[in-house]
Each structure stands twice: as structure tokens, then as C-alpha cells.
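Here's the structure, in C-alpha cells; my notes come after.
Every number here is computed from the coordinates shown, using simple stated rules; none is lab data. No experiment lies behind these values; they were computed from the predicted model shown. Positions of Cβ are generated from backbone atoms using ideal geometry, with glycine treated the same way; all protein chains shown enter the neighbour counts.
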């Protein structure tokens, strides 16, 4: 594993394109059907690794992470572990609550913020007593299972670091680009990155693409968002919200980057032009940025229709009827 993403195992072993990722999931579905036919696992039609399930797993990780007071980077690592693991293992053959608990336990080790195994088990049992065994050896066994399925490749490069590097670069080269990220814009971008772990983006694109995509939504789409909100709500609050992102799909879900958002050369438009100048002069793959932005916006559309109780009931039925 290299300190440089471009020479890392994350890029060489765990970066896909959309077709290869789809092929991997198809292979898993074929394996799952064979296991069901041979009687190794039962079939549960309501259990699918879809967007609703991914949002549910994301929320489980956040809940346990808060109980253990774990920093965000370690939780992000746990989310990628879950995503990688479920490329090779069917949901129908595992205890997803134990998987989430183990992923956090391993992630804390890797991110050098280790948690005692008994504490992790204790807090997980407080949240999900019917699913988490009191025997710590069960978590230890799942730890080896998790690591084996990821082929021992555990170190990760996250876009949080790229986001900070971009901010620092803009500060250091302000004379050239005349652009800086405010603390509010940085926080919005960081929050978008938190949510991006629900998607496949971290298996598809380099960290800097995701960081730039979060900045793009925060800066470039902010003007559109403000315009949308001013037409519907009388408010001085210009923060980004999920409802604002959802509304973009009904107003301007363009697949092209458009800097001509307003003929009026106001402050927002000037900042947009400066940001687009920064992108063009640094040879960023704009197609990847646009695809990432669209995936994030689509995530919020799905999240708006998310029904946690359906996922929770399906998992309960599966885990208690094995």
C-alpha cells in the first residue's frame, strides 16, 4: 500500500469501472442462486442489496459510531469495508448487524483509533440485543472472514484529505485563482462526502474527483439552489439541505457543466467562474465530476423515498427465522 493513491492497492485492486462493478455483482447473484438451489442458504426475496439497504447499513454504522465516539474517517473506512465485503458475500448468508460491528472494529484498528473488543460488543448489544452475540469470539471470527474477503487490502485513501488539500492549495495560490472556500462551504462539502459512502463512487473514482464533486455541488449548484428556494420559501437561510438537492432533479439535472447560470455578474456567478477556471487549468476529468455529482443528487432523490421500517422488518424476519 502506497502513501500515493495512484500506486496504492486501493486503485490497483479495488477500483472498478461501472461495467466491471456490475459484472462482479452479477457473479455474486449467480453464486447466491446456486447456494439457494443447493440448500446452503434460504431465499429471502425481500432482502436485496439495493439503495434502501445501503442507506440502512449507513445509518447502522453512524449509530454505533456515535455510541463509541468514533471519528468520521474511521466510520468512512468501515463503510468501504462493508461495500467491498458485499461484493463477494451475499446478505442472505450473514448477520448484517455483526458485519457492521466487525467492520467498525477493524476500521478503528486500521485508522489507529482502536476500540476494545468487549466495548464494541457491549455497545452493539445495547443497540441490537437480539442480533449481537455476547460471545466476543463471534466478532473475532467475523473479523478474519471480513479481512479474507477483502484480500487483506485494508488501507484506504479518503476524499476528506483531498478536500483539505484543495482548500489549502486555493489558499496558497489565491493570487492566481482568486478563490477560497469559506468554512461554511468546507463543512457542506464535508457533509456531502459523508453521504457519498452510501454510493459506489468510492469504488469508481479517485478521491480528488469526489472532493471536487462535493465542492461543485456546494459552489456551482448553490446559485441554482438559492434561486429555487427563493421562489418557494421566504428565508435568509442559504444552507444546503437534502430537499434542495432533490429539487435539482426537477429543475436542472443537466449532465453538462454549465457556468452560465445567470447573466447578472453577481458574487455567486463570479465565484462559479473562478471555480470552473480552477478546474479547467488543473486538467480535471470533468466527465467523472459530472457523473459523481449526478450520482449524489440521485442518492438524495432515493433517500427522500426511503422507508426504514421495510428494510428493518425484512432483516428481522431473515435473522430470526434461520
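What is the ratio of the Cα radius of gyration of the range 90-170 to 2.2 N^0.38 Å, with N the residue count, to two decimals?
This ratio for the range 90-170 stands at 1.33.
Would you mind ranking 122, 214, 20 by Cβ crowding within 10 Å, fewest neighbours first?
Arranged by neighbour count, lowest to highest, 122, 214, 20 become 20, 122, 214.
Summing -39500 (n - 2.57) over the DSSP H runs of n ≥ 4 in the chain and dividing by its residue number, what mean residue ellipticity at 222 nm do you reach, to the nearest 500 deg cm²/dmol?
-21500 deg cm²/dmol
Given the C-alpha centroids of the range 149-228 and the range 63-91, what is the distance between them in whole angstrom?
What the calculation gives is 20 Å, centre to centre.
Each label point is 7 Å from the Cα along the Cα-to-Cβ direction; what then is the distance between the points at residue 36 and residue 277, in nm?
About 5.7 nm, to one decimal.
Any idea what angle helix 286-304 forms with the longest principal axis of the chain, computed on alpha-carbon atoms, 0 to 90 degrees, nearest 10?
60 degrees
If you project the alpha carbons of the range 76-137 onto their three principal axes, what span does each projection cover, largest first, in Å?
For the range 76-137, the Cα spread along each principal axis is 29, 28, 19 Å.
For residue 305 and residue 191, what does the FRET efficiency come to when R0 = 22 Å and r is the distance between their Cβ atoms, rounded to the nearest 0.05?
0.60
On a 0 to 90 degree scale, rounded to 10, what angle separates helix 136-149 from the longest Cα axis of the chain?
60 degrees
Would you work out the relative contact order for the range 76-199, in percent, from Cα pairs under 8 angstrom that are 6 or more residues apart?
Once normalised by length, the contact order is 27 percent.
If one takes the longest principal axis of the Cα atoms in the chain, at what angle in degrees, from 0 to 90 and to the nearest 10, does the Cα axis of helix 117-127 lie?
Helix 117-127 sits roughly 80 degrees off the main axis of the chain.
Report the rotationally averaged projected area of the range 70-227 based on its alpha-carbon convex hull, in square nanometres.
With every direction weighted equally, the projected area is 11.6 nm².
Using all C-alpha to C-alpha distances in the chain, build P(r) with 20 Å bins and read off the rounded percent in each one.
Values per bin, smallest distances first: 29, 55, 16, 0.
Using a/c under 1.5 as the rounded threshold, could you call the range 1-135 rounded, prolate or oblate? The axes a ≥ b ≥ c are square roots of the C-alpha gyration tensor eigenvalues, and prolate needs a/b larger than b/c, oblate otherwise.
The shape class here is oblate.
At a 10 Å Cβ-Cβ cut-off, how would you order 295, 168, 175, fewest neighbours first?
Final ranking by Cβ density, sparse to dense: 175, 168, 295.
Going by how many other Cβ atoms sit within 10 Å of their own, how do 116, 208 line up, fewest first?
Fewest-to-most ranking of 116, 208: 116, 208.
Mind jotting down a quarter of the surface of the convex hull over the alpha carbons of the range 1-51, in square nanometres, one decimal?
It is 5.3 nm².
Taking Cα pairs under 8 Å and at least six residues apart, what relative contact order does the range 5-156 come out at, in percent?
Across the range 5-156, relative contact order equals 25 percent.
Test of understanding: what is the full-extension gain from residue 290 to residue 29, defined as 0.36 nm times their sequence separation minus their Cα-Cα distance?
In short, 91.0 nm is gained.
When the chain is modelled as a GNM with alpha-carbon springs shorter than 10 Å, which of 220, 284, 82 fluctuates the most?
Maximum among the listed residues: 284.
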